[in-house]
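Just so you know, all these numbers are worked out from the coordinates, no wet-lab data involved. Being a predicted model, the structure only gives us computed values, none of them experimental. Counting neighbours? That spans all protein chains shown, and the Cβs are built from the backbone with ideal geometry, glycine included.
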Amino acid sequence: MSTIVITAFALAVIVTPLSANDGKAIRVVIHTDKGDIYVELDSVRAPITVANFLRYVDQKYYDGGQFHRTVKPANQPNSKVKIEVIQAGVRPDKAKAEFPPIKLERTRDTKLKHLDGTISMARDGPDTATGDFFICLGPQPELDFGGKRNPDGQGFAAFGRVVKGMDVVKKIQAAPAKEQTLTPPINILRVVRQP
């Protein structure tokens, strides 16, 4: 699912969870040129993934990034397992300077599911997720551990959910696209933590 190329020399690392939140919900706002998406992150059940995402947020890697992919039933004719998501990544000049990949927090262990509005990390193989993330439209059980979307069956690392702005997510999914590539991409103006 990830559009990021991972070199053979990339090593998976564990990101130390942030302790400043003390288990409280962390909220961020993804400001796009289609509107704002408010996301609540689950740092208790997915601490590695949340810490990774926040490091990209805090160092402003997503400011100037893009939602570049829309996946809907009509644009995945060769896939037996269909999903509905939109995918985003860091700003283009930061793509080659992403942080090392993180350990996959499987939904089997976190008990988080890919439901309507779930935010999750894109990846190729296990332990390869870096900065690309996606948001689900409708329940997507094939993205959970044991699901068939990725042939390895390990699923993807869900780490939060949209609490406001699903109308914006739907606008992005419906934007013009060539196959699954949004044309033009939807710009991320900035991603910031909510106080």
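For this structure, a couple of remarks:
- Here the condition is being under 18 Å from Asp42 (Cα atoms), within 16 Å of the chain's Cα centre (by Cα) and of a type in the set (Gly, Ala, Ser); of Ala88, Ala129, it holds for Ala129 alone.
- Residue pairs whose Cβ atoms lie under 7 Å apart, sitting 6 or more positions apart in sequence or on different chains, and linking a residue in the stretch 31-46 that is more than 18 Å from Leu137 (Cα to Cα) to a partner that is polar (S, T, N, Q) and assigned to a strand (DSSP E or B), are Asp33/Asn187.
- The stretch 64-82, subset touching a helix residue (DSSP H, G or I) at 6+ places or on another chain (Cβ under 9 Å) and part of a loop (DSSP other than H, G, I, E, B), residue surrounded by the most Cβ atoms within 10 Å (Cβ to Cβ): Gly65
- All positions within the stretch 153-183 that are crowded, with 20+ Cβ neighbours inside 10 Å, more than 13 Å from Asp116 (Cβ to Cβ), in contact with a Leu (Cβ under 7 Å, 6 or more places away or on another chain) and of a type in the set (A, V, I, L, M): Ala157
- Here Pro141 fulfils each of the conditions (1) surrounded by 15 or more Cβ atoms within 10 Å (Cβ to Cβ); (2) within 20 Å of Ile48 (Cα to Cα) apart from (2).
Yes/no per residue for (1) under 14 Å from Gly155 (Cα atoms); (2) of a type in the set (Val, Ile, Thr); (3) buried (at least 17 other Cβ atoms within 10 Å of the Cβ):
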site: Ala95; (1), (2), (3): no, no, yes
site: Asp116; (1), (2), (3): no, no, no
site: Ile119; (1), (2), (3): yes, yes, yes
site: Ala129; (1), (2), (3): yes, no, yes
site: Phe133; (1), (2), (3): yes, no, yes
site: Leu137; (1), (2), (3): no, no, yes
